[in-house]
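K.L.:
Let me begin by handing over the structure; questions about it come next.
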Amino acid sequence: MQILQDRVPSDWFGLLHLTASGAELLHQEASVAAQPYLETIHARFVALEAPAHRHVSTHNINFVEEYSSYEYASPAWLAIGVKRTAWLHLSHPAASQTFVLVMMRFEELGQWTPEERTLLEAAARSIEVVLERTGHVQTLERAALTDALTGLGNRRALDMAVDEATKSGQPYTVAIIDLDGMKCVNDTMGHASGDMLLREFAHQLYAPGITAYRLGGDEYALLHLTAAGDADGVLLRLVARASAHVREAGYPASASMGIAGVPHDAPDATSALRTADQRMYAQKRERQAKREVSAVSF
């Protein structure tokens with residue numbers, strides 16, 4: 001950006017993410033002359049009027065030599081001395097996103113020369129490459145932290161989240177969940193149905209303040225950034241709802257769960273996850289024993 005500023009002098013330029021109602025400023029450079037007017041400049045982007053928004057959205061490159069004659073000129077920008085503007089769209093792997101490079105000049109700076117236009121277009125292409133590489137990196141990072149079958153975070157994502165929560169010093173609660181009946185579904189209904197069960201259950205594990213993860217197989221985890229005790233009832237109701245949903249969908253399955261909190265039950269994430277896992281298996285054994293007694297009594 002600094003190289004661009006050196007080669008194509010301007011009073012202000014910025015990289016914007018065009019949104020449905022305006023634009024989000026990602027980066028900016030401002031001259032001494034523009035510093036007192038940054039609030040006025042930003043206000044234009046926050047609530048870009050519909051006609052101007054549509055014009056910027058549909059015109060990929062536009063060099064305005066006389067801003068005062070521009071159909072969608074901002075009176076506030078005219079008042080602070082804006083004389084010339086330019087914008088160039090940047091392509092991005094995510095077609096739903098539009099990034100725009102915007103520049104403006106005040107009175108003392110001249111028109112956009114052919115050389116400057118060429119340099120700006122070359123700069124736009126260079127920034128496109130950076131955005132594309134960033135997009136690929138972000139895609140890879142998301143894939144490395146996401147369970148492909150359910151779309152939930154995976155074990156690595158959980159480890160990172162609990163480590164971050166531990167470092168923050170705030171209390172939090174973790175739950176380990178195991179689906180009971182998964183083998184029966186695979187054996188009697190097929191593995192495709194088993195995969196569908198895993199997805200259906202996962203899609204019910206959404207609630208405010210709670211993040212769900214799939215650890216592998218038929219095991220899940222929940223993270224609630226609330227102290228143990230306060231979180232227990234919320235987690236129990238969430239898992240009960242998910243279990244009821246899959247049974248209503250025709251899957252003979254339920255869930256066992258263990259809950260532990262930091263620092264209430266354990267001093268750190270590793271201990272809390274181990275405690276929650278032990279409690280989950282204890283509940284699983286207890287439920288199995290009840291089923292066996294029930295079968296014998298029958």
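K.L.:
Taking the condition over 30 Å from the mean Cα position of the chain (by Cα), surrounded by 13 or more Cβ atoms within 10 Å (Cβ to Cβ) and not in a helix (DSSP H, G or I), does Tyr37 pass?
P.N.:
When the stated conditions are applied, Tyr37 does not pass them.
K.L.:
Evaluate the stretch 79-93: report whether one residue or more is open to solvent by 70 Å² or more (accessible area, probe 1.4 Å), hydrophobic (A, V, I, L, M, F, W, C) and modelled with pLDDT of 90 or more.
P.N.:
Looking through the stretch 79-93, at least one residue is open to solvent by 70 Å² or more (accessible area, probe 1.4 Å), hydrophobic (A, V, I, L, M, F, W, C) and modelled with pLDDT of 90 or more.
K.L.:
Thr188 - would you say it is open to solvent by 60 Å² or more (accessible area, probe 1.4 Å), out of contact with any Phe, Trp or Tyr (no Cβ under 8 Å at 6 or more places or on another chain), under 27 Å from Arg287 (Cα atoms) and at pLDDT 85 or above?
P.N.:
yes
K.L.:
List, please: which pairs have Cβ atoms under 6 Å, are six or more places apart or on different chains, and start with a residue in the stretch 153-167 that is touching a residue at least 60 places away in the same chain (Cβ under 8 Å) and within 16 Å of Arg274 (Cα to Cα) and end with one that is open to solvent by less than 30 Å² (accessible area, probe 1.4 Å) and part of a helix (DSSP H, G or I)?
P.N.:
Val162/Ala269; Thr166/Ala269
K.L.:
Contact list please: Cβ distance under 8 Å, first residue in the stretch 269-281 and within 13 Å of Ala175 (Cβ to Cβ) and polar (S, T, N, Q), second residue open to solvent by 30 Å² or more (accessible area, probe 1.4 Å) and at pLDDT below 95, pairs at least six apart or on different chains.
P.N.:
Listed pairs, sorted by first residue: Thr275/Asp265.
K.L.:
When you go through (1) within 13 Å of Asp178 (Cα to Cα); (2) at pLDDT 90 or above one by one for Glu248, which number turns out not to apply?
P.N.:
(1)
K.L.:
Is there a residue in the stretch 228-245 that is in a loop (DSSP other than H, G, I, E, B) and closer than 21 Å to Leu197 by Cα?
P.N.:
Scanning the stretch 228-245, I find no residue that is in a loop (DSSP other than H, G, I, E, B) and closer than 21 Å to Leu197 by Cα, so the answer is no.
K.L.:
So Ala207 fits all but one of (1) in contact with a Gly (Cβ under 9 Å, 6 or more places away or on another chain); (2) farther than 16 Å from Asp178 by Cβ; (3) hydrophobic (A, V, I, L, M, F, W, C); what number is the exception?
P.N.:
In the conditions (1) in contact with a Gly (Cβ under 9 Å, 6 or more places away or on another chain); (2) farther than 16 Å from Asp178 by Cβ; (3) hydrophobic (A, V, I, L, M, F, W, C), Ala207 misses (1) alone.
K.L.:
On to the next question. Just to check your reading of the model, which residue among Glu71, Glu29, Glu65 is open to solvent by 70 Å² or more (accessible area, probe 1.4 Å) and either more than 19 Å from Glu107 (Cβ to Cβ) or in contact (Cβ under 8 Å) with a residue 12 or more places away in the chain (or both)? Give the derivation first.
P.N.:
Details: Glu29 fails: open to solvent by 70 Å² or more (accessible area, probe 1.4 Å); Glu65 fails: open to solvent by 70 Å² or more (accessible area, probe 1.4 Å).
That would be Glu71, the only listed residue that is open to solvent by 70 Å² or more (accessible area, probe 1.4 Å) and either more than 19 Å from Glu107 (Cβ to Cβ) or in contact (Cβ under 8 Å) with a residue 12 or more places away in the chain (or both).
K.L.:
Can you tell me how many residues in the stretch 191-209 are open to solvent by 50 Å² or more (accessible area, probe 1.4 Å) and either assigned to a helix (DSSP H, G or I) or touching a His at 6+ places or on another chain (Cβ under 9 Å) (or both)?
P.N.:
Selection size over the stretch 191-209: 8.
K.L.:
While we're on this one: Could you please let me know if Leu149 is more than 25 Å from Pro267 (Cα to Cα), touching a Lys or Arg at 6+ places or on another chain (Cβ under 8 Å) and open to solvent by 30 Å² or more (accessible area, probe 1.4 Å)?
P.N.:
Spelling it out, Leu149 is indeed more than 25 Å from Pro267 (Cα to Cα), touching a Lys or Arg at 6+ places or on another chain (Cβ under 8 Å) and open to solvent by 30 Å² or more (accessible area, probe 1.4 Å).
K.L.:
Among the residues of the stretch 196-242 satisfying the criterion of being modelled with pLDDT under 90 and acidic (Asp, Glu), which is nearest to Ser256 (Cα to Cα)?
P.N.:
Looking at the filtered set, the residue picked out is Asp232.
K.L.:
Counting only residues that are farther than 19 Å from Val162 by Cα and open to solvent by 70 Å² or more (accessible area, probe 1.4 Å), which one in the stretch 270-286 is modelled with the highest pLDDT?
P.N.:
Tyr281
K.L.:
Now for a separate question. Of the numbered conditions (1) within 21 Å of the chain's Cα centre (by Cα); (2) outside any helix (DSSP H, G or I), Asp163 fails exactly one; give the number of that condition.
P.N.:
Unmet condition: (2).
K.L.:
Name the pairs whose Cβ atoms lie under 6 Å apart, with the first residue in the stretch 94-114 and crowded, with 18+ Cβ neighbours inside 10 Å, the second at pLDDT 75 or above and of a type in the set (S, T, N, Q), and 6 or more positions between them or separate chains?
P.N.:
Hits for this filter: Met103/Ser10; Met104/Thr85; Arg105/Ser10.
K.L.:
Pairs please, first residue from the stretch 221-238 and of a type in the set (A, V, I, L, M), second anywhere and in a helix (DSSP H, G or I) and open to solvent by less than 10 Å² (accessible area, probe 1.4 Å), Cβ atoms under 7 Å, 6+ apart in sequence or on different chains.
P.N.:
Every condition considered, the pairs that remain are Ala221/Leu158; Leu222/Leu235; Leu223/Leu158; Leu223/Val162; Leu225/Ala165.
The values are calculated or read from the model by the stated rules, or taken from the named source; none is laboratory data. Computed from a predicted structure; not experimentally measured. No Cβ is skipped: glycine too gets one built from the backbone with ideal geometry, and neighbour counts run over all protein chains shown. These accessible areas exclude ligands, DNA and RNA; they are computed on the full protein's heavy atoms, side chains included. Shrake-Rupley method; radii C 1.70, N 1.55, O 1.52, S 1.80 Å.
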